[in-house]
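Enquirer: Before anything else, here's the structure in question.
The values are calculated or read from the model by the stated rules, or taken from the named source; none is laboratory data. Please read these numbers as outputs of a predicted model, since none were measured by experiment. Here the Cβ positions follow ideal geometry from the backbone for every residue, glycine too, while neighbour counts run over all protein chains shown.
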Amino acid sequence: MPLVRGAIRLLLTLSLAAGSAAYLGAEGRVTLADRGPVWSIANSAPAASAALVRMGGTVGANQRAPDQASAAPAPPAEAVQAEAGSAGVTLTNTQPVGVPEAICVGCLEQLLSGKIERDWLALFNPLLVKTMAPDYGTAVDYAKPSTLQSPSLSAAAYVGDYHSELFGTIRIITDAGLFLKLGPKQESFALQHFARDVFTYQPVGENAYGLSALTFMVGADQKATSVTIENLDTNGQGTFSRAPG
């Protein structure tokens, strides 16, 4: 375990040094490869850096799980010795698109079997690209002006507190424009008008991508009764109802 803890510390230190502290997401896993357990720790976040620490361990044929003992032959002695002390660290300045994963696995495969037997980037790339794809803001390009020239209501129609059982209370305030106050610290985000009762703001954090919409539902009294925040609504739970009072 000291080796694993050391690798985790190394990954965190290198990620912080690369300037990705605000977006760092670390993930660790243990897999049972054909020659024993493999430890891997990776950072995976939309920031423009990706890193992987991978360590190969070895078990002998008599230490394998019962269903593996006969399925895979024991590795040559020289491969066992190489794998027992093998480790790889790959740092990149790319988005998480499978580059460090492909390099680490390819190098270990070259070390253990003498050749790279498959295109590992072709395997990892589509999986990570799909995982890292934006999960909001894909239906409408909010960076472009709306084709619907529809003005908003007065600020008073939207101002107030709105509540969600999942996310808690948000506030819409006015201060030389509309602002969204969100989260435990009630951070303030400027709202930009898009069309009629739709506004946008720029989320922050590890899962943030482009602009997200806030869509207000307006009642007969010309006051908003609820607001749906697009980037919090990926599972249909991003609607906040106006609080009484």
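Enquirer: Among the residues of segment 218-232, write down those that are in a strand (DSSP E or B), of a type in the set (A, V, I, L, M) and either farther than 18 Å from L166 by Cβ or at pLDDT below 95 (or both).
Expert: Narrowing segment 218-232 to residues in a strand (DSSP E or B): 218, 224-229.
With of a type in the set (A, V, I, L, M) added as a condition, the list becomes 218, 224, 227, 229.
Within segment 218-232, V218, A224 meet the criteria.
Enquirer: Sticking with this one: Being touching a Leu at 6+ places or on another chain (Cβ under 7 Å), without any contact (Cβ under 8 Å) to a residue 24 or more places away in the chain and not in a strand (DSSP E or B), is that true of even one residue in segment 200-208? Before the answer, list the steps.
Expert: Quick first cut of segment 200-208, residues touching a Leu at 6+ places or on another chain (Cβ under 7 Å) only: 200-202.
Right, trim to without any contact (Cβ under 8 Å) to a residue 24 or more places away in the chain and you get 201-202.
Applying the additional criterion that residues be not in a strand (DSSP E or B) yields 202.
Yes, because at least one residue in segment 200-208 is touching a Leu at 6+ places or on another chain (Cβ under 7 Å), without any contact (Cβ under 8 Å) to a residue 24 or more places away in the chain and not in a strand (DSSP E or B).
Enquirer: Write out, first by first residue and then by second, each pair whose Cβ atoms fall under 8 Å of each other, whose residues are 6+ apart or on separate chains, and whose first residue, in segment 218-241, is closer than 12 Å to D135 by Cβ while the second is part of a helix (DSSP H, G or I).
Expert: Matching pairs, first to second residue: G238/E230; G238/N231; G238/L232.
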